[in-house]
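What follows is a set of notes on a single structure, which appears directly below.
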Amino acid sequence: MMKLWLYTRKRVKIEFKDGDVLTGFIRDYIDQEDTDYDELHFKPDGQEDFFVGELEIKSIEIIE
């Protein structure tokens, strides 16, 4: 478990399991009680918002 709620309203760098790496802002956290797994509402730099499932994330870190 990655404790994704800790990244809410933070600027992050996410490395995805498929090898992609994106930086951006976490708008919100969605608990697994509402979905099959925890998700983040992510706004990557220069791109449209999307939801990222915990199972897609290899690593995540807060950046300045």
Unit charges at the beta carbon, dipole of the chain: most positive-side option, THR23, ILE57, MET2: THR23
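If you roll a 1.4 angstrom probe over the protein chains with everything in place, what fraction of the accessible area of the chain belongs to carbon and sulfur, to the nearest %? Display every interim value, and only then the final one.
Details: 1960 of 4300 Å².
After summing per-atom areas, the C and S share lands at 46 percent.
State, as an integer percentage, the relative contact order of the chain based on alpha-carbon contacts under 8 Å between residues 6 or more apart.
Relative contact order of the chain: 36 percent.
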message: Give me the extension gain from THR23 to MET1: residue separation times 0.36 nm, minus the current Cα-Cα distance, reported in nm with one decimal.
response: 5.8 nm
query: Counting only residues 5 or more places away or on other chains, whose amide H sits under 5 Å from the amide H of LYS10 once H atoms are built in the peptide plane?
result: ILE26
- line: Expressed in nanometres to one decimal, the distance between label points 7 Å along Cα→Cβ at GLN32 and LYS13 is 2.8 nm
- line: Expressed per residue, the solvent accessible area of the chain in Å² (1.4 Å probe) is about 67 Å²
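The values are calculated or read from the model by the stated rules, or taken from the named source; none is laboratory data. Model, not experiment: these values are computed from the prediction. As a convention, Cβ positions derive from the backbone with ideal geometry for all residues, glycine included, and neighbour counts pool all protein chains shown. The protein model used for the area step is the full one, side chains on, heavy atoms only, and it has no ligands, DNA or RNA in it. Shrake-Rupley method; radii C 1.70, N 1.55, O 1.52, S 1.80 Å.
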